[in-house]
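Peer 1: Structure provided below as structure tokens; questions to follow.
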Amino acid sequence: SWLFLSHSDDLAGPMARALCQTLGQGRVQAHSAGFQPARETHPLLVPFMAEQGLDLDYRKPGSIDSAVRTIRPEKVIVIGDLACPAAFPESDILHWDIPCPDDPSIQDMKAMETLIRNKLNTLFLQT
């Protein structure tokens, strides 16, 4: 499994998780979590991902504490300028420098989606 870590798990993390599940076509079980999880996903995320054919309406931000207790990921992908916790010593740690603005526009979200898609496609080619 792969774990996508972001600050609040309300935008980039769930987006990466959904895209990973779609692009991976069942090869990878994807999870996401946040260091300080938000109460809800970003209000633009659900309709934006619905336009991509992905339903995130059910998705709630998760905490890294819960992930540490329940997931033993092969890869931990840290999105943004964050340090990976030492809780995953056996995982391959990757850092993705993807801008995650606090108040993203649709253009910001499209750019984020393109970056995540490209990074995932590269990662899938390597595995």
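The values are calculated or read from the model by the stated rules, or taken from the named source; none is laboratory data. On a predicted model such as this, the values are computed, not experimentally measured, just so you know. These area figures cover heavy atoms from the full protein model, side chains too; ligands, DNA and RNA do not enter into them. Shrake-Rupley method; radii C 1.70, N 1.55, O 1.52, S 1.80 Å.
Peer 1: For the chain, which whole percent of the accessible surface, found with a 1.4 angstrom probe, sits on carbon and sulfur atoms?
Peer 2: The nonpolar share, carbon plus sulfur, comes to 48 percent.
Peer 1: Please compute the contact order of region 1-87 in relative form: average sequence separation of alpha-carbon pairs under 8 Å and at least six residues apart, divided by the residue count, as a percent.
Peer 2: About 40 percent, as a whole number.
Peer 1: Taking every DSSP beta bridge that has both residues in the chain, what percent is antiparallel when rounded to the nearest 5?
Peer 2: Of those bridges, close to 0 percent are antiparallel.
Peer 1: Per residue of region 95-108, what does 6.51 cos²θ - 1.76 cosθ + 1.60 with θ = phi - 60° give for ³J(HN,Hα)? Whole Hz please, x for Gly and Pro, Karplus curve as stated.
Peer 2: Couplings: 10, 10, 7, 10, x, 10, x, 5, 10, x, 8, 4, 4, 4 Hz.
Peer 1: Out of residues 5 or more away from F4 or on other chains, whose amide H comes under 5 Å of its own, with H placed 1.01 Å from N in the peptide plane?
Peer 2: For F4, whose amide H was placed from the backbone, the distant partners under 5 Å are H31, S32, A33, I77.
Peer 1: Using helices alone, what [θ] at 222 nm do you get for the chain, with -39,500 (n - 2.57) per DSSP H run of 4 or more residues, divided over all residues and rounded to the nearest 500?
Peer 2: -11500 deg cm²/dmol
Peer 1: How large is ³J(HN,Hα), in whole Hz, for each residue of region 29-41 in order, when computed from phi with the Karplus curve 6.51 cos²θ - 1.76 cosθ + 1.60 and θ = phi - 60°, using x for Gly and Pro?
Peer 2: 8, 10, 9, 9, 7, x, 5, 10, x, 6, 6, 9, 5
Peer 1: Report, by chain and number, residues whose modeled amide H sits under 5 Å from the one on I93, excluding near sequence neighbours (fewer than 5 apart, same chain).
Peer 2: Under 5 Å from the amide H of I93 lie the amide H atoms of V76, each far enough along the sequence or on another chain.
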